[in-house]
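Single-structure report; data block below.
The values are calculated or read from the model by the stated rules, or taken from the named source; none is laboratory data. Bear in mind the structure is a predicted one, so any value in this text is a computation, not a measurement. Quick reminder, even Gly has a Cβ in these numbers, built from the backbone with ideal geometry, and neighbours come from all protein chains shown.
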């Protein structure tokens, strides 16, 4: 299966592992990830105000590129995913917004057909669940993570607003737990798995972010987890910096490890 | 001529698409808010103060910067009021005023370390500056 891939700025710099292991695992699972040409930063957060137009154009450009190549748009970063999925929904349902955006886009050098939210947008985890299937992943696992107790941290952006994201049950999600099971490990359920880490407020009120993040990592540890997995670079940063006593890693790293593709074969040969 | 309270109130309702009159005052938004302890005015107060046109009080409160945009209040509201969208619109009305950026690019170097993801910087700029 071929998909359009939007990596996002953090995956090219501070969260390279999130990107690299996603690509290696996709290859092992038979998914071809074609990086969108000249993609632009999504802006990190979706601004819900209806009169905020220009800052959403980068997402629309990526969505148009995916539509024109006839493939769904896939993201790995939960922030990019949230912004692009919400922008796509606004293009589909808010006529006034779509009209203004398409007017902007018509000024581009080589304008494309007007866009109205036609592209399917998936998070990598949704692709694993709905397209690959956890049964198939289970079969592809070469190094089962037997006995490992792992806490999934969803945070906010994969799940909310549920009306738009439709990722999983926002109050009792199971996707990442089933993912952990497919890799042979044991998922740990704890109350803070869908609560906020503090997010961008770390820049404005670091104490608040610390308080929120600590409650997440302590909750996971108190329920017996030996590590936390996340899809979000900022969640990872906040959890680690606030002093999580257990390691925090990206879900793609866990997947690559279980699939036996964590080490780059080409790099070993050199 | 309309006073500032009325003008901004209309603008906030238009930008957010929120109808505060749907609120039945159950307080679930504030009960679930991760920033509750840090706020002078809480999500349910935002809703009824906008309804009553008490806009400038909210605009002058640091509470507008405490919302984490986690959307817990939006998803858990039984009446689909979407308080976070109201708070976002109010914050934008503040920072869009002249010289009212809450954070600028010049503030950034002293706030970051080498592990800070780019995502945090672009998000903060989008939330705290025009």
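For residue B:26, the stated conditions do not hold, so it cannot be described as touching a helix residue (DSSP H, G or I) at 6+ places or on another chain (Cβ under 9 Å) and over 25 Å from residue A:212 (Cα atoms). If you go through region A:65-84 and pick out every residue that is farther than 19 Å from residue A:232 by Cα and buried (at least 22 other Cβ atoms within 10 Å of the Cβ), you end up with 1. Scanning region B:88-99 for residues that are more than 10 Å from chain A (Cβ to nearest Cβ), surrounded by fewer than 14 Cβ atoms within 10 Å (Cβ to Cβ), out of contact with any helix residue (DSSP H, G or I) (no Cβ under 9 Å at 6 or more places or on another chain) and more than 30 Å from residue B:45 (Cα to Cα) turns up nothing. Among the residues of region A:104-119, at least one is more than 30 Å from residue A:189 (Cβ to Cβ), at pLDDT 95 or above, touching a strand residue (DSSP E or B) at 6+ places or on another chain (Cβ under 6 Å) and outside the structural domain of residue A:168 (by TED's automatic domain parsing). The single condition from (1) in contact (Cβ under 8 Å) with a residue 40 or more places away in the chain; (2) within 30 Å of residue A:177 (Cβ to Cβ); (3) in a helix (DSSP H, G or I) that residue A:145 fails is (3). Residues in region A:161-189 that are within 14 Å of chain B (Cβ to nearest Cβ) and without any contact (Cβ under 8 Å) to a residue 24 or more places away in the chain: A:162, A:163, A:166, A:168, A:169, A:171, A:172, A:173.
Looking only at residues in region A:135-160 that are under 20 Å from residue A:74 (Cα atoms) and over 16 Å from the mean Cα position of the chain (by Cα), the one that is nearest to the other protein chains (Cβ to nearest Cβ) is A:137. Looking only at residues in region B:113-130 that are assigned to a loop (DSSP other than H, G, I, E, B) and modelled with pLDDT of 95 or more, the one that is nearest to the other protein chains (Cβ to nearest Cβ) is B:117.
Screening region A:175-270 for strands (runs of 3 or more DSSP E) wholly inside it with 3 or more residues that are surrounded by 23 or more Cβ atoms within 10 Å (Cβ to Cβ) returns the ranges A:227-230.
A single member of A:26, A:62 is over 23 Å from residue A:108 (Cα atoms), crowded, with 18+ Cβ neighbours inside 10 Å and at pLDDT 95 or above, and it is A:26.
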